[in-house]
Ligand code: SF4
């Protein structure tokens, strides 16, 4: 369905290609360089005590443990660290070039909702300069994808995790339009989807946040999901999982919160 983003819907692709034709080296403006340089020197934000868009739709218990700042297990291996770092630079490249091309106005836009204990950061934000949604505010989500995931999504649609992240961001920003840009890490081809707000999905995102918020207020975590109770599936991938891991040890409420 989403793959059907029509040519006339696209906000970034055609304008970006025109800009790249005129700037084959992708040289960025001093203004964009200054914005991005500031961003590069910032440490990662403290993710405790707010629910995040990137976790939307995942196990409630996992989101609650992350909210509370419970320490995760294991050390990220060097290869994974390099992959994360590369993803960060892919974001910065797009952000710098789209700022220079005048296709976005701001990057790393932080949006908070205290009542829902929620927070999200948009990779970019702008006003559509062309296409069906010309004149509308839009949020931007950039994803560096490995070859297999890129190819699969390009012929189909973004994964459900990304869709849930976008629903969460619609809820937080009140925007009606969102752009997802997937870049293939192997050859830098990219694919744009323009997603229009689906109110029923946004209401699902609101219901999820209310449910999570209630658990925090009552100091009672949601139970482990069935697979994890059997020590299968997500149990072995989740940063709180594993035998004797933080999820197992937390019971109905963890003894140590906030990374203390
Ligand atoms: S181990 Fe399973 S149940 Fe526990 S937080 Fe992770 S995904 Fe949720």
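Which residues, counting only those in the stretch 238-247, are in a loop (DSSP other than H, G, I, E, B) and within 8 Å of the ligand (Cβ to nearest atom)? Before you say what the answer is, go through the steps one by one.
Applying the first criterion (in a loop (DSSP other than H, G, I, E, B)) to the stretch 238-247 yields 238-245.
Within the stretch 238-247, 238, 239, 240, 241, 242, 245 qualify.
Just one of the numbered conditions (1) buried (at least 20 other Cβ atoms within 10 Å of the Cβ); (2) under 22 Å from residue 136 (Cβ atoms) is not true of residue 109; which one?
(1)
When you scan the stretch 117-235 for helices (runs of 4 or more DSSP H) that lie fully inside it, which ones turn up with 2 or more residues that are away from the ligand (no atom under 16 Å from the Cβ)?
Correct list: 147-154, 160-173, 199-218.
Can you find, within the stretch 126-142, the residue that is nearest to the chain's Cα centre (by Cα) among those that are without any contact (Cβ under 8 Å) to a residue 60 or more places away in the chain and more than 16 Å from residue 16 (Cβ to Cβ)?
Among them, the one singled out is 139.
Are any of the residues in the stretch 54-73 loosely packed, with under 11 Cβ neighbours inside 10 Å and part of a loop (DSSP other than H, G, I, E, B)?
Our first condition is that a residue be loosely packed, with under 11 Cβ neighbours inside 10 Å; within the stretch 54-73, this holds for none.
There is no residue in the stretch 54-73 that is loosely packed, with under 11 Cβ neighbours inside 10 Å and part of a loop (DSSP other than H, G, I, E, B).
Test residue 80 against the stated conditions and say whether it is part of a strand (DSSP E or B) and on the phi < 0 side of the Ramachandran plot.
Criteria not met by residue 80.
Pick out the one residue from 155, 214 that is within 20 Å of residue 57 (Cβ to Cβ), out of contact with any strand residue (DSSP E or B) (no Cβ under 8 Å at 6 or more places or on another chain) and either exposed (fewer than 12 other Cβ atoms within 10 Å of the Cβ) or at pLDDT 95 or above (or both).
Details: 155 fails: within 20 Å of residue 57 (Cβ to Cβ).
Result: 214 is the single residue among 155, 214 that is within 20 Å of residue 57 (Cβ to Cβ), out of contact with any strand residue (DSSP E or B) (no Cβ under 8 Å at 6 or more places or on another chain) and either exposed (fewer than 12 other Cβ atoms within 10 Å of the Cβ) or at pLDDT 95 or above (or both).
The values are calculated or read from the model by the stated rules, or taken from the named source; none is laboratory data. Small disclaimer: the values here were computed from a predicted structure and weren't measured. All Cβ positions, glycine included, derive from the backbone under ideal geometry; neighbour counts span all protein chains shown.
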